[in-house]
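The values are calculated or read from the model by the stated rules, or taken from the named source; none is laboratory data. Just so it is clear, the model here is predicted, and its values are computed rather than measured. Neighbour counts run over all protein chains shown; Cβ positions are idealised from the backbone, glycine included.
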Amino acid sequence: MEGSLKAPSKEAYRAAMVLSGAGDALGYCNQRWEYCTSGPQIHQELQEMGGLGKIRAALPDWPVSDDTVLHLATAEALATGKNGEPLFQELGRRYVEAMKDMEGRKPGPTSILGTSQLCPGEPNGYRIPFNPQATGCGAAMRSMCIGLRYPRPSDLHSLIQVSIESGRMTHHHPTGYLGALASALFTAYAVQGLPLERWGVGLLKTLPLALEYVRAAAFESEANVGAWTYFPEKWEWYLSERGLAEGQGPARFPPAYGPTERDVIYKTFSLDGWAGRSGHDAPMIAYDALLAAGDNWEELCSRAMFHGGDSDSTGVIAACCWGLAHGFRGVPEGNHAELEYRDRMVAAADSLYHLAWEQAPV
């Protein structure tokens, strides 16, 4: 794979960053849809707006949420080119700074608590205590760009290290920070052009390496190991449900799987009945949507952004991976052209592309 890996276009990186922001803004709908528990209601309201093609995702009506603000913080920290502890300190600093930009964006309580515990600049100031409750999706939703920075199979150790360390800066629980690993890994797979049907099995094969890293890092290892099994077991269950346990497709979906049915079935993915809220099922719903949507942006949005769960967090992950595969083709211009912070997304994409493909040896 490594020898034949072709550099993607810079435009693909831009589409990944920009459309992730669009997926966030659309799923968020200025707080209105993130907290709506009915996918059919969201689809009805969308229809009353004139459909997806009529949406102009721009301020003041369509801001990005905390998901994109924190994803940009991750991307801009990575764009400095730092590695190891200097990078972790930079990530911690930028997460703390990003929390000042949360008016009307609804950050989760675990992200608020975690960033309040960070002490960037101090020795190990990027580390916070283990938190048995930190199972949410706040790490998963901000980590796709790690896969843009470390896209090659040979980058896997760096991808594991950075996704885990950045993830547990707020979500120090395996169900939380392994979501960061999943989002980063799926983004790297999208860069690599790996068939979607193999992504889930690839994640399961990567988890033992992640566990090795957590043990070797020797930071509250016992608590982490004790809480480890839920994430891989739920992913094994999901892949069995979709007929993908061997990494071969096509994916098997329920015969009836419209907005109403998806609301019910997505809840079966979840930890607590709120679909997409946790670190394991935000990337899971994004993956489910990618498997079914093909190259159809509207179908991706229907499945990943317009459901009765944490729709901006599933949307931000799905749209990033979709953008790498399909670019802006078929995406209504209004969905992304005037997006809040679009210039920062493009600049971050260009910087990550340079670090991953122009500076690094191929």
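Kindly provide the set of residues from the stretch 99-137 that are of a type outside the set (A, V, I, L, M), surrounded by 18 or more Cβ atoms within 10 Å (Cβ to Cβ) and more than 23 Å from E222 (Cβ to Cβ), ordered by number. R105, P107, G108, S111, T115, P120, C137 - these are the residues of the stretch 99-137 that are of a type outside the set (A, V, I, L, M), surrounded by 18 or more Cβ atoms within 10 Å (Cβ to Cβ) and more than 23 Å from E222 (Cβ to Cβ).
Given the criteria closer than 20 Å to R344 by Cβ, crowded, with 17+ Cβ neighbours inside 10 Å and not acidic (D, E), does A140 qualify? Outline the logic, then answer.
Values: closer than 20 Å to R344 by Cβ: no; crowded, with 17+ Cβ neighbours inside 10 Å: yes; not acidic (D, E): yes.
No, not satisfied.
Scanning the stretch 73-100 for residues that are charged (D, E, K, R) and touching a helix residue (DSSP H, G or I) at 6+ places or on another chain (Cβ under 6 Å) turns up E76, K82, E90, R94.
Just the residues that are of a type in the set (A, V, I, L, M) and either within 24 Å of A347 (Cβ to Cβ) or over 19 Å from the mean Cα position of the chain (by Cα) (or both), please, taken from the stretch 78-122. Working first, answer last.
Of the stretch 78-122, the ones of a type in the set (A, V, I, L, M) are 78-79, 87, 91, 96, 98-99, 102, 112-113, 118.
Answer for the stretch 78-122, where residues must be of a type in the set (A, V, I, L, M) and either within 24 Å of A347 (Cβ to Cβ) or over 19 Å from the mean Cα position of the chain (by Cα) (or both): L78, A79, L87, L91, V96, A98, M99, M102, L113, L118.
For the stretch 22-80, a residue qualifies if it is β-branched (V, I, T), farther than 20 Å from D263 by Cα and in contact (Cβ under 8 Å) with a residue 12 or more places away in the chain, and the qualifying residues are I55, V64, T68, V69, T74.
When you look at A217, is it surrounded by fewer than 24 Cβ atoms within 10 Å (Cβ to Cβ) and of a type in the set (G, A, S), yes or no? Give the steps one after another, and end with the answer.
Values: surrounded by fewer than 24 Cβ atoms within 10 Å (Cβ to Cβ): yes; of a type in the set (G, A, S): yes.
For A217, the condition - surrounded by fewer than 24 Cβ atoms within 10 Å (Cβ to Cβ) and of a type in the set (G, A, S) - is met.
So is A282 in a helix (DSSP H, G or I) and closer than 27 Å to L352 by Cβ or not? In short, yes.
Here are some residues: L46, L72. Which one is modelled with pLDDT of 95 or more, buried (at least 20 other Cβ atoms within 10 Å of the Cβ), of a type outside the set (K, R) and over 24 Å from R344 (Cβ atoms)?
On the way: L72 fails: over 24 Å from R344 (Cβ atoms).
On inspection, the qualifying residue turns out to be L46.
Can you give me the number of residues within the stretch 29-44 that are among the small types (G, A, S) and assigned to a loop (DSSP other than H, G, I, E, B)?
Start the filter on the stretch 29-44 by keeping residues that are among the small types (G, A, S), which leaves 38-39.
Subsequent filtering for residues that are assigned to a loop (DSSP other than H, G, I, E, B) retains 38.
Residues that pass the stated criteria total 1.
For (1) of a type in the set (S, T, Y); (2) loosely packed, with under 15 Cβ neighbours inside 10 Å; (3) over 20 Å from F306 (Cβ atoms), each residue gets a yes or a no:
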{"position": "E212", "(1), (2), (3)": "no, yes, yes"}
{"position": "S221", "(1), (2), (3)": "yes, yes, yes"}
{"position": "N224", "(1), (2), (3)": "no, no, yes"}
{"position": "E233", "(1), (2), (3)": "no, yes, yes"}
{"position": "F269", "(1), (2), (3)": "no, no, no"}
{"position": "W274", "(1), (2), (3)": "no, no, no"}
{"position": "G279", "(1), (2), (3)": "no, no, yes"}
{"position": "A282", "(1), (2), (3)": "no, no, no"}
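Restricting attention to the stretch 143-157, the residues that are surrounded by fewer than 17 Cβ atoms within 10 Å (Cβ to Cβ) and of a type in the set (S, T, N, Q) add up to 1.
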